[in-house]
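The values are calculated or read from the model by the stated rules, or taken from the named source; none is laboratory data. In this text, all values refer to a predicted model and were calculated from it rather than measured experimentally. Note that we place each Cβ from the backbone using ideal geometry, even for glycine, and neighbour counts take in every protein chain shown. Surface accessibility is based on the protein's heavy atoms, side chains included, excluding ligands, DNA and RNA. Shrake-Rupley method; radii C 1.70, N 1.55, O 1.52, S 1.80 Å.
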Amino acid sequence: MALRQARLKLLIAYSTVAQIGYLFLMFPLAIEPETGHPWGSTAWTAGVLQAISHAFAKAAMFMAAGLIAEALGHDRIARLSGIGRALPITVLAFGLGGLSLMGLPPSGGFVAKAMLLTAAVAEGQWWWAVVVLTGGLLAGGYVFLVLARALADASEPVTLRSTISPGRQAVVVALALCAVLLGFVPLRPLELLQIGRPDIAIGGLR
């Protein structure tokens, strides 16, 4: 559905639906095969990182879309040609957010999806790995669709209806960078998520 949208905000909205689906992979992947316990830490950590990185990335992309719509007076994808030259910082922020959605390093989305793939392989549920990889390819499709149009040369000079201040663009870039910097989180389960688990000794978390 995201690939079929004509407006940038609707594309991002359908992308959100797709990305939220990754959170539900925690439930089938968090069951440990040896014990049947529903708190496998790798999958739960992946879900938490996915939620946080997605929040930063999607906030940046929605704000970038808003600035583009304000500057051009519309958010029609087919008419975005030349906006990359007019608002390079905003388009850069959109691209950095898309990096996390695709699950490419060094973004937070990469860390989350790598841990989901690890959990899927470790627990013998390889078909979820196919789902994650396919979702990443589809995300790449609609992100590059927007970037290719935005970075294309316009047939006529782009006329901005409103001037976007550097400070507002800096906020968008900062959010996108947060999504990328989450990729430097160590690839290991968070012990914090295991607090309260009945079959773990208290001393095991020290």
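Numbers for the structure displayed
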item: Förster-model FRET efficiency, 22 Å R0, E156 and E70, C-beta, rounded to 0.05; result: 0.65
item: Net length gained if the chain between L138 and T16 were fully extended (0.36 nm per residue, minus Cα distance); result: 42.7 nm
item: Heavy-atom accessible surface of segment 1-153: percent carbon and sulfur, 1.4 Å; result: 72 percent
item: Solvent accessible area, Å² - K113, 1.4 Å probe, full protein context; result: 10 Å²
item: Charge tally in the Cβ shell below 11 Å around Q5, where Lys, Arg are +1 and Asp, Glu are -1, Q5 excluded; result: +3
item: Point-to-point label distance, L177-F24, nm (Cα→Cβ direction, 7 Å offset); result: 3.6 nm
